[in-house]
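The structure under discussion appears below in the form of structure tokens.
Computed from the coordinates by the stated procedures, all read-outs in this text should not be read as laboratory data. Since we're looking at a predicted model, the values are computed, not measured. Note: ideal-geometry Cβ built from the backbone for every residue, glycine included; neighbour counts use all protein chains shown.
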Amino acid sequence: MSDYRRIKIDQAAAHVGEPVEIAGWLYNLRKSGKIIFPLVRDGSGIIQGVAVKANIPVEVFEMLKDLTQESSLILRGKLRAEARAVGGYELDVEQALLVQAVPLETPYPITPKEHGIDFLMDHRHLWLRSRRQHAILRVRHEIVKAIRDYFDSNGFTLVDTPIFTPAACEGTTNLFEVNYFDEEKLYLTQSGQLYNEATAMAFGNVYCFGPTFRAEKSKTRRHLTEFWMVEPEMAYATLEDVKRVAEELICFIVGRVLENRKPELATLERDLSKLESIKPPFPRMTYDDAVKILQAKGSEIVWGGDFGGTDETLLGEDFDRPLMVDRYPAEVKAFYFEPDPERPEVVLGVDVLASEGYGEVIGGGQRVYELDVLERRLADHGLPREAFEWYLDLRRFGGVPHAGFGMGVERAVAWLCGIEHIRETIAFPRMLNRARP
RNA sequence: UCCUCAGUAGCUCAAUGGUAGAGCAUUCGGCUGUUAACCGAAGGGUUGUAGGUUCGAGUCCUACCUGAGGAGCCA
């Protein structure tokens, strides 16, 4: 019934000269007496409309003139290429339908001016409408899709692991406890890895991809209490396979983001050369060498300790691409890491430290596969054997060398977007002092 | 859990121990090419909470609350 065809703003280039309809929200309004420039966003982009008083019905002009920010509306008119407009296209408004006006008494709280982080986080549900947040979450989507495409096209089967788990995967970190009927205590998962080992013995190469929960009282720009992690696990695989797959995965993701999300990266003012340099081979070093380098740079670290945040930054600063550090002391890593057969005091684990000081984005390695070694490691870590009987079964019934890793999605998003804080990389971040909205 | 910093108008911030202010937002008026538009005017406050010092506290002291940054721990 309408002669105007409904389009999304990001499709504007294909409809120049046509009568179209944009359904969206008023992003901003500039007016100058007898001409109005409504900026409308529709989720795919932002376009500027032009409403000239002399050319449109009086009631349409009057409605637009007093429209409040974020009121929902439908604009109809002809599309035109316009160098003066942001985005390169402009809509000559002929008709406008108000869907819902934001009341004058309760104006939209997030203005085009500056706001503090506390205010913005309190209004996260509205903040998501802004350009920057929009760009970040679109890059996140691209990264998630790239991760899935990489594994799906490389022979991995998606087998998701449970969120409710009866015991710790890693004894060191804190768990969120939940009541699970009849007062049985369960915990929110902190890693799908132990279950991945079971599914890898069933399917060969697997991955799980879901939310992870850690009740750590960490207050830093790198921590969330709820975050998304992708964890591949490969049967008949070694530490070297982990390093190869991790390197391939990261390069694949970076390639996809550069290919498909240039406009978003531009919005974020990301230095593309920092992403373009992320190519194989990534530099590799042992933990031993890393400690020597850190000591030479003035770090307090001694052999046997784990790296702090500044250590990770110090190590990475000499490279324009991620750094792989392997063979950590057994004490600093979880019980399931396979000891190096040539040096039992270190384990076959590797961390991938992102460039530009973004820190650890991937951690993984080769798993213990012999029953007696695993039993000894459980005992060394003071873990209750009963809870791990099913896990020990994997070593009783055809255990094989296997390996895998976990990649934190939000850290990868923060890194590739070049943003300061991880809280903006997920729609509704859960942190130590914030679980609302 | 520890360390550091902050809390003043809807928002972002100023105010030497001496009358609580500006920009933006909002309202009213003006403007036919604006780009966080601009110009003029108006309204808007229990200075996070509770005590204390002082003739006098937004400012100094104590406790608490909330938030931010960092440490430890981690992806």
TODO: Choose one answer from A:GLY255, A:GLY408, A:GLY77: the residue with the largest mean-square fluctuation in a GNM of chain A with alpha-carbon springs under 10 Å.
DONE: A:GLY77
Task: Value of Rg to Rh for segment A:5-100 (Rh from inverse mean 1/r over Cα pairs, i.e. Kirkwood) - done: 0.92
TODO: Can you tell me the order of A:140-153, A:53-66, A:413-426 when each peptide is scored by its average per-residue count of other Cβ atoms within 10 angstrom, highest first?
DONE: A:413-426, A:140-153, A:53-66
TODO: Sort segment A:183-269 into rounded, prolate or oblate with this rule: let a ≥ b ≥ c be the square roots of the eigenvalues of the Cα gyration tensor; rounded if a/c is under 1.5, and if a/c is not under 1.5, prolate when a/b is larger than b/c, oblate otherwise.
DONE: oblate
- [ ] Treating cross-link reach as a plain straight distance, find the lysines whose alpha-carbon is under 25 Å from the alpha-carbon of A:LYS333, omitting any fewer than eight places away in the same chain.
- [x] A:LYS217, A:LYS219, A:LYS243, A:LYS292, A:LYS297
TODO: Can you tell me the 0 to 90 degree angle between the C-alpha axis of helix A:131-152 and the longest principal axis of chain A, rounded to 10?
DONE: 50
Task: Long pairs among A:LYS113/A:LYS145; A:LYS53/A:LYS78; A:LYS31/A:LYS78; A:LYS78/A:LYS145; A:LYS145/A:LYS279; A:LYS8/A:LYS78, criterion Cα-Cα beyond 23 Å - done: A:LYS113/A:LYS145; A:LYS78/A:LYS145
Task: Crossing angle, helix A:193-203 versus chain A [Cα axis fit, 0-90 degrees, rounded to tens] - done: 90
Open item on the list: Just to be sure I understand: with springs between alpha-carbon atoms less than 10 Å apart, which residue in A:PRO329, A:PRO232, A:PRO281 has the highest mean-square fluctuation in the Gaussian network model of chain A?
Closed with: A:PRO281
Open item on the list: For segment A:18-62, take every pair of Cα atoms, bin their distances at 10 Å starting from 0, and report each bin as a whole percent.
Closed with: 26, 53, 20, 0
Task: Residue-averaged 222 nm ellipticity for chain A, from DSSP H runs of 4+ at -39500 (n - 2.57), nearest 500 - done: -8500 deg cm²/dmol
Task: Residue with peak Gaussian network fluctuation, chain A [Cα springs, cutoff 10 Å], from A:PRO112, A:PRO339, A:PRO162 - done: A:PRO112
TODO: Could you let me know the centre-to-centre spacing of segment A:363-389 and segment A:39-114, using Cα atoms, in angstrom?
DONE: 62
TODO: Indicate the gyration tensor shape class of segment A:66-153 (rounded, prolate or oblate), computed on the Cα atoms with a ≥ b ≥ c the square roots of the eigenvalues: a/c under 1.5 is rounded; otherwise a/b larger than b/c is prolate and the rest oblate.
DONE: oblate
TODO: Mind ranking A:312-321, A:362-371 by how tightly packed they are, going by the mean number of other C-beta atoms within 10 angstrom, highest first?
DONE: A:362-371, A:312-321
Task: Alpha-carbon spread of chain A, three principal axes, descending order, Å - done: 86, 55, 41
Task: 5 Å-binned pair-distance histogram of segment A:26-179 (Cα, whole percent) - done: 2, 7, 13, 14, 12, 12, 10, 7, 7, 6, 5, 4, 2, 1, 0
Open item on the list: On a straight-distance basis, which lysines could pair with A:LYS274 in a cross-link, Cα separation under 18 angstrom, same-chain partners fewer than 8 positions away excluded?
Closed with: A:LYS262
Open item on the list: Given an 8 Å cut-off on Cα distances and at least 6 residues of separation, report the relative contact order of segment A:342-437 as a percent.
Closed with: 26
